[in-house]
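Read-outs throughout are calculated quantities, based only on the coordinates presented, and are distinct from any laboratory measurement. This one's a predicted model, so the numbers in the text were calculated from it and none came from an experiment. Cβ atoms come from the backbone with ideal geometry, glycine included; neighbour counts cover every protein chain shown.
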Amino acid sequence: MSETASIKLQGEIYELPVITGTENEKAIDISTLRDRTSHIVLDSGYKNTGSTKSAITFLDGEKGILRYRGYPIEQLAEKSTFLEVVYLLIYGELPKKDVLEKFNVQVQKNSLLHEDMKKFYDGFPHGAHPMGQLCSLVSSLTAFAPESLKMHASSEEVDSSIIKLIAKMPTIVSWIYKGSIGEPFIYPSKNLDYVANFMNMTFGQVTHDFEIDPVAVDALNKILILHADHEQNCSTSTVRTVGSSGSNLYASVSAAISALWGPLHGGANQEVIEMLETIKADGGGVEKWVNKAKDKDDPFRLMGFGHRVYRNFDPRAQIIKKACHDVLNKLGLDDEVLEIAIRLEEAALHDDYFVERKLYPNVDFYSGIISRALGFRTDLFTVIFALGRLPGWIAQWKEQRESKEPISRPRQIYTGYTTRDYIDVENR
Ligand code: CMC
């Protein structure tokens with residue numbers, strides 16, 4: 001017999017079905033509750049609400065498990081390339097060799113931007129934040145791919161929109177950087193793979209080739225893989241919510257980029273480095289900052305600490321911390337900010353406030369340090385996060401579309417005035 005949960009309301013008992021996932025996670029299906037009882041459930045910030053059933057990513061916050069389509073993040077970060085992970089997330093399986101080669105060619109063929117897009121770059125004032133530019137540029141792709149606007153596009157048309165977005169994103173991002181430093185844009189090369197191509201377009205120059213360092217390419221591969229999906233986080237919920245109204249892929253991803261920008265989400269990696277730099281400028285002592293973070297009258301938080309779902313450790317942070325040491329060692333860099341980060345982590349991990357609240361370093365704590373070592377400017381960190389998260393957003397957008405999920409439309413408990421009569425402006 002299938003499991004049920006009972007809820008007692010005004011003396012009456014209602015049986016509700018219990019849904020079980022493949023990893024034995026349980027949910028009480030309350031979708032009929034309002035019709036049967038005229039009650040809704042209230043859960044601000046969706047701290048305990050499942051918004052969907054999904055077969056893409058499994059995450060266990062208590063045990064620190066993260067798997068894409070069943071594959072442990074540790075194995076993917078160690079052995080795969082970002083483009084393989086892109087394919088895995090979007091199409092559900094690791095690609096066979098010939099499929100991967102074909103996918104790679106399709107991506108390379110679509111990596112050029114329409115020349116008219118250069119006018120958008122010209123239009124941004126100097127200093128425009130890269131994330132603001134990225135939202136606009138991704139959304140503007142609709143203008144060059146009208147088939148993406150069809151609500152009932154065929155699967156071939158959807159695939160075409162997907163390939164274009166995956167292919168053009170590195171070009172869009174690197175050109176944002178080039179535009180910000182006033183250098184000519186570098187076009188994609190058919191001789192380089194996805195990540196090396198991105199680095200070449202970002203750091204290469206028209207006058208001389210960029211020397212691609214395999215250590216740097218490997219580190220960026222890892223960063224992108226570790227960020228590639230994270231189930232129903234703020235930006236992913238956004239992509240599914242926007243997509244549920246029938247909005248096209250580019251508009252939905254543009255909305256997700258906006259959600260990611262916030263300092264409590266993807267914007268944290270920029271904030272972490274800025275925080276560590278502030279601590280360095282202040283003499284490098286960490287105790288003062290740990291105390292500030294604990295002070296409820298002080299808005300300061302330890303950026304890169306805490307996570308809505310990870311309550312013991314963030315598996316991504318463990319991989320990235322090791323990668324961070326490897327990269328700095330291999331590139332022969334000495335970064336005082338890394339030393340401060342390690343001391344700050346130590347201090348927080350031994351502090352009752354952080355221990356009681358189960359606050360641990362998250363992926364953003366170390367990703368900024370690697371990104372900086374690779375040469376990315378601080379305000380580009382969140383854009384790198386977006387480049388990594390893109391396949392996850394696409395996979396989640398595609399999944400909600402294919403499973404024909406209803407339009408996302410939560411309810412509320414109204415706490416405003418009850419009815420009152422209009423008063424003329426002279427008498428208010
Ligand atoms: N520094 C100090 N106190 C903290 C921190 C922090 N970084 N994070 C949480 N707390 C405290 C918070 O004040 C609260 O204390 P109390 O119970 O006394 O009121 C308690 O811990 C629970 O925090 P919360 O804000 O209710 O937890 P949440 O699940 O709503 O928020 C979070 C999660 C990630 C937004 C939050 O931990 C935070 O603001 N962290 C800093 C920003 C950050 O690093 N964000 C990146 C997240 S990982 C990348 C991604 O996937 O987006």
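Ranked by the mean number of other Cβ atoms within 10 Å per residue, highest first, peptides 365-373, 45-53 order as 365-373, 45-53. Peptides 70-76, 227-233, 159-165 ranked from most to least packed, by the mean per-residue count of other Cβ atoms within 10 Å: 227-233, 159-165, 70-76. Packing, as the average of other Cβ atoms within 10 Å across residues, places the peptides 262-269, 391-398 in the order 391-398, 262-269, highest first.
Net charge of the neighbourhood of Ile65, taken over other residues with C-beta under 15 Å away and scored Lys/Arg +1, Asp/Glu -1, is -3. Cross-link partners of Lys47 among lysines, defined as those whose alpha carbon lies under 30 angstrom from its own and excluding same-chain residues fewer than eight positions apart: Lys8, Lys26, Lys63, Lys222, Lys292, Lys294, Lys296, Lys321, Lys358, Lys398, Lys404.
Simple spin-label estimate for Tyr422 and Val105 gives 6.7 nm between the two label positions (7 Å along the Cα-to-Cβ direction from each Cα).
Compute the whole-percent fraction of alpha carbon pairs in segment 284-329 spaced more than 18 Å apart. Roughly 51 percent, once rounded to a whole number. Please label the shape of segment 4-53 as rounded, prolate or oblate, based on the square roots a ≥ b ≥ c of the eigenvalues of the alpha-carbon gyration tensor (a/c under 1.5 means rounded; beyond that, a/b larger than b/c means prolate, else oblate). It comes out oblate by the Cα gyration axes. Dividing the summed -39500 (n - 2.57) terms of all DSSP H runs of n ≥ 4 by the residue count of the chain sets its mean residue ellipticity at 222 nm at -16000 deg cm²/dmol. Highest mobility in the GNM of the chain, judged by mean-square fluctuation with C-alpha springs under 10 Å and restricted to Ser403, Ser38, Ser80, is found for Ser38. Centroid-to-centroid, using Cα positions, segment 1-66 and segment 199-241 are 35 Å apart. Each of Arg389, Arg428 was scored by other Cβ atoms within 10 Å of its Cβ. Arranged with the fewest first, they read Arg428, Arg389.
For segment 296-361 versus segment 114-154, the spacing of their alpha-carbon centroids is 35 Å.
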